[in-house]
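Worksheet: one structure, shown below.
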Protein chains: 2
Amino acid sequence: MKFTLVHTDQSSDKSKARAGLLETDHGVIETPIFMPVGTLGDVKAMEHRELIEAGAQIILGNTYHLYLRPGTDIIKKAGGLHKFIGWNKPMLTDSGGYQVFSLSQLRKLSQEGVKFQSHIDGSKHFFRPEDVVDIQRKLGSDICMVLDECPPYPCSHEYASRSNRLTMEWAERCKIQFEKTKPLYGHSQTLFPIVQGSVFEDIRLQSAEELVKMDFEGYAIGGVSVGEPKEDVYNIARMNCNVLPQSKPRYLMGVGTPEDILECIERGVDMFDCVMPTRNARNGTLFTTYGKITIRNASYSDDFQPIDENCDCYTCRNFTRAYVRHLSSIQEIVGHQLTTIHNIHFYLWLTREARKQILNNTYSEFKTNLLAKYEENEKSRGLGKQKKVKRIPKDYETSGK
Amino acid sequence: MKFTLVHTDQSSDKSKARAGLLETDHGVIETPIFMPVGTLGDVKAMEHRELIEAGAQIILGNTYHLYLRPGTDIIKKAGGLHKFIGWNKPMLTDSGGYQVFSLSQLRKLSQEGVKFQSHIDGSKHFFRPEDVVDIQRKLGSDICMVLDECPPYPCSHEYASRSNRLTMEWAERCKIQFEKTKPLYGHSQTLFPIVQGSVFEDIRLQSAEELVKMDFEGYAIGGVSVGEPKEDVYNIARMNCNVLPQSKPRYLMGVGTPEDILECIERGVDMFDCVMPTRNARNGTLFTTYGKITIRNASYSDDFQPIDENCDCYTCRNFTRAYVRHLSSIQEIVGHQLTTIHNIHFYLWLTREARKQILNNTYSEFKTNLLAKYEENEKSRGLGKQKKVKRIPKDYETSGK
């Protein structure tokens with residue numbers, strides 16, 4: 001993998017927004033980038049060709065889920081995850097750690113690894129750091145992730161520190177295993193470690209510095225989107241980006257709203273993933289250039305405009321709010337398809353547009369204008385600016401945190 | 001509407017298979033044709049553009065469902081059903097009668113019409129024959145259907161005869177109302193009556209002859225696929241096609257399996273609709289050129305061939321049985337999308353290919369060969385040839401019967 005920092009935005013003193021190029025054997029990714037979450041080998045309610053149409057350059061897979069179903073052996077037999085799911089562009093897989101902690105039953109953590117029971121059938125499994133590397137070798141993802149522990153929020157300084165120690169040890173063990181093993185399918189793979197440390201600046205810095213010393217090709221910032229205030233997320237992104245090397249990509253795991261993404265791009269983040277656009281789509285919450293709307297509201301029942309007239313997705317080009325509202329309200333599968341297409345299209349437009357503005361040194365203005373529209377829209381909906389993020393995913397579409 | 005009988009198959013003495021052209025203001029339909037069922041204004045798990053890609057020339061809408069949700073007023077405000085759902089090709093709507101009988105609670109039949117409670121919220125409604133014409137005027141479907149009573153199977157000769165009497169009266173009243181009213185959206189509409197009479201030849205013939213006298217532009221054959229043996233369906237199709245005018249299209253409602261469609265094309269039927277390809281897709285049953293398969297079977301878990309190598313649908317061009325099995329087994333929405341795309345593609349291939357063979361005077365051979373493969377496949381699966389058809393739809397995707 002090769003990362004090239006193409007340009008850093010000059011639109012304001014504080015902006016550290018970056019445009020980069022991330023080259024993998026499955027293609028080049030233009031950063032900043034949003035990565036749709038393809039939990040079980042598919043992005044929920046969206047066909048691969050529709051992801052391509054929306055401009056997707058890389059998607060996620062969840063090691064925990066794929067390990068349980070269809071199982072690593074079948075994927076290996078298929079020739080890896082790309083072949084198994086028929087996706088020829090880059091893929092990132094997480095380590096499965098987050099799902100073990102959020103979904104599985106009776107998990108038991110030790111220095112050696114984590115023992116857990118499947119949320120599907122109660123079967124018992126054990127993930128050592130070495131195992132998740134081996135599994136990801138079999139999956140053949142372009143970017144693999146180390147096993148980490150994601151501390152809950154809130155947690156004590158002592159807990160966060162102890163947890164980070166384990167995460168550091170596991171990162172080291174993953175790296176050793178990664179270097180001891182080889183890609184199985186003829187394309188190269190890389191391994192990203194995960195900075196932890198909860199909201200504590202000293203641990204965050206120590207965690208980042210220690211991982212930088214180990215020398216990886218890219219770094220993830222984890223442990224956010226677990227219930228902490230938005231400002232903490234932005235601070236964590238700022239603190240960590242300040243110490244992570246300029247020459248390597250930074251991936252903020254599980255973030256977030258359009259506002260979060262814009263704020264964290266400004267702080268120097270290059271890569272994002274979140275289930276929000278897909279999960280919210282299936283609940284009828286749509287993201288637009290003028291704010292967030294709840295398409296199931298009765299007010300849209302005879303509204304024959306497109307969802308967003310600035311959007312050129314299949315849904316907005318062909319259908320009205322009234323039709324989408326009708327299908328979404330009655331939980332028709334096509335309703336989920338049309339809303340998902342729109343939301344993913346919007347998220348990919350957002351990072352694509354951000355990149356354009358960075359290259360043009362106009363990022364800060366772009367961010368300010370779009371956020372003003374979001375804030376105005378939230379106010380007119382009678383909502384405060386801050387909304388609490390759910391700690392535990394409600395279904396099995398889980399981001400790479 | 002204009003129907004042109006282009007050619008009658010000469011491949012065998014008994015074949016009455018026809019190729020025709022059905023011209024509507026929304027486009028020309030080449031018959032024989034399968035019409036995908038778009039219950040609530042969408043074909044379940046399939047986008048309009050995917051229907052076009054599969055070769056769909058006309059889709060169905062269900063008056064009962066659309067009347068309840070989103071309601072006729074919203075559709076009228078949108079400028080009719082075509083505009084509301086964004087579908088510019090021909091549409092057929094049923095009368096809602098079948099759903100009143102199969103889905104709604106506390107229905108009460110009288111000569112005047114049928115009183116029923118919504119299956120959604122228990123609200124009370126009354127459909128007179130005149131009402132269903134008025135509703136379909138508001139929907140603006142290219143082909144409207146009369147209100148009829150579909151007798152259960154089995155039923156007595158007396159019941160079937162009495163029921164057919166009511167169906168005849170209602171057909172007359174619908175025709176009068178249809179002639180008294182005008183299309184609302186600038187395109188023309190036509191009205192098809194429905195031949196009834198259960199499995200009784202004398203009533204079937206009487207019903208057909210009486211409707212022919214009333215002079216419609218096309219005729220539907222109803223009251224089948226309600227639990228009777230397959231041979232009865234074929235007999236009914238044969239009996240009714242023999243007395244319906246050569247110069248008018250014949251629509252067999254709610255039929256059926258690929259075998260049923262081929263048998264009934266041979267007996268002179270031009271139009272078909274059935275929820276089977278879409279509903280079965282969501283249960284993992286797929287139709288192919290070599291028979292029916294249950295994709296969720298464990299044997300497909302590491303089968304990396306396409307579902308049907310003779311098929312050029314999106315699913316077969318890009319994905320393996322193993323991947324489709326994985327997604328279908330875990331009920332992923334994309335699994336439903338991929339299986340539905342394949343099944344609809346297959347059904348539309350089937351009627352398109354049938355037309356080609358008719359024009360080529362090779363229909364009988366084509367039918368015999370394909371049915372032989374199906375029979376062989378069923379035998380190898382250890383199933384008998386005959387399978388009972390479910391009487392009552394299990395969910396709200398209901399065909400135009």
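When the range A:47-73 is limited to residues that are under 20 Å from B:Ala322 (Cβ atoms) and among the small types (Gly, Ala, Ser), the one that is farthest from the other protein chains (Cβ to nearest Cβ) turns out to be A:Gly61.
The conditions are (1) more than 9 Å from every other protein chain (Cβ to nearest Cβ); (2) open to solvent by 20 Å² or more (accessible area, probe 1.4 Å); (3) touching a residue at least 24 places away in the same chain (Cβ under 8 Å); (4) not β-branched (Val, Ile, Thr), and B:Lys44 fails exactly one of them. Which is it? Of everything listed in (1) more than 9 Å from every other protein chain (Cβ to nearest Cβ); (2) open to solvent by 20 Å² or more (accessible area, probe 1.4 Å); (3) touching a residue at least 24 places away in the same chain (Cβ under 8 Å); (4) not β-branched (Val, Ile, Thr), B:Lys44 misses just condition (1). As a summary of the residue check, A:Trp87 satisfies the conditions (1) out of contact with any strand residue (DSSP E or B) (no Cβ under 7 Å at 6 or more places or on another chain); (2) under 20 Å from B:Thr339 (Cα atoms) except for the one numbered (1). Against the numbered list (1) open to solvent by 10 Å² or more (accessible area, probe 1.4 Å); (2) modelled with pLDDT under 95, A:Pro306 comes up short only at (2). A single entry from A:Ala354, A:Ala322 fulfils the requirement of being within 14 Å of chain B (Cβ to nearest Cβ) and aliphatic (A, V, I, L, M): A:Ala322. All conditions but one from (1) more than 10 Å from chain B (Cβ to nearest Cβ); (2) open to solvent by 10 Å² or more (accessible area, probe 1.4 Å); (3) in a helix (DSSP H, G or I) apply to A:Lys108; the one that does not is (3). Among the criteria (1) part of a helix (DSSP H, G or I); (2) touching a strand residue (DSSP E or B) at 6+ places or on another chain (Cβ under 8 Å); (3) under 24 Å from B:Lys44 (Cα atoms), the one B:Val212 does not fulfil is (3). Just wondering, is there one or more residues in the range B:88-102 that are at pLDDT 95 or above, more than 9 Å from every other protein chain (Cβ to nearest Cβ) and more than 16 Å from the chain's Cα centre (by Cα)? Yes; the residues of the range B:88-102 include at least one that is at pLDDT 95 or above, more than 9 Å from every other protein chain (Cβ to nearest Cβ) and more than 16 Å from the chain's Cα centre (by Cα).
The residue list B:Tyr290, B:Tyr300 contains one member that is touching a residue at least 40 places away in the same chain (Cβ under 8 Å), aromatic (Phe, Trp, Tyr) and open to solvent by 10 Å² or more (accessible area, probe 1.4 Å), which is B:Tyr290.
Test A:Ser328 against the criterion of being more than 9 Å from every other protein chain (Cβ to nearest Cβ), in a helix (DSSP H, G or I), modelled with pLDDT of 95 or more and open to solvent by 30 Å² or more (accessible area, probe 1.4 Å), and give yes or no.
Working: more than 9 Å from every other protein chain (Cβ to nearest Cβ): yes; in a helix (DSSP H, G or I): yes; modelled with pLDDT of 95 or more: yes; open to solvent by 30 Å² or more (accessible area, probe 1.4 Å): no.
Answer is no for this residue.
For the range B:224-256, residues that are touching a Phe, Trp or Tyr at 6+ places or on another chain (Cβ under 8 Å) and hydroxyl-bearing (Ser, Thr, Tyr) total 2.
From B:Gly122, B:Gly79, which residue is at pLDDT below 95 and open to solvent by less than 40 Å² (accessible area, probe 1.4 Å)? So that I can check it myself, show each step before the final result.
Working: B:Gly79 fails: at pLDDT below 95.
Only one candidate qualifies: B:Gly122.
Taking B:Thr278 as meeting all but one of (1) open to solvent by 20 Å² or more (accessible area, probe 1.4 Å); (2) over 17 Å from A:Ile75 (Cα atoms); (3) within 11 Å of another protein chain (Cβ to nearest Cβ), write down the number of the exception. Just one mismatch for B:Thr278, condition (1).
Against the condition within 27 Å of B:Cys150 (Cβ to Cβ), among the hydrophobic types (A, V, I, L, M, F, W, C) and more than 17 Å from the chain's Cα centre (by Cα), how does B:Ala56 come out, does it pass? Explain how you work it out, then say what you get.
Working: within 27 Å of B:Cys150 (Cβ to Cβ): yes; among the hydrophobic types (A, V, I, L, M, F, W, C): yes; more than 17 Å from the chain's Cα centre (by Cα): no.
In short, no.
The values are calculated or read from the model by the stated rules, or taken from the named source; none is laboratory data. These numbers were taken from a predicted model, which means no experiment stands behind them. Here Cβ is always computed from backbone atoms with ideal geometry, including for glycine, and neighbour counts include all displayed protein chains. Protein only, heavy atoms only, side chains kept; ligands, DNA and RNA dropped before computing areas. Shrake-Rupley method; radii C 1.70, N 1.55, O 1.52, S 1.80 Å.
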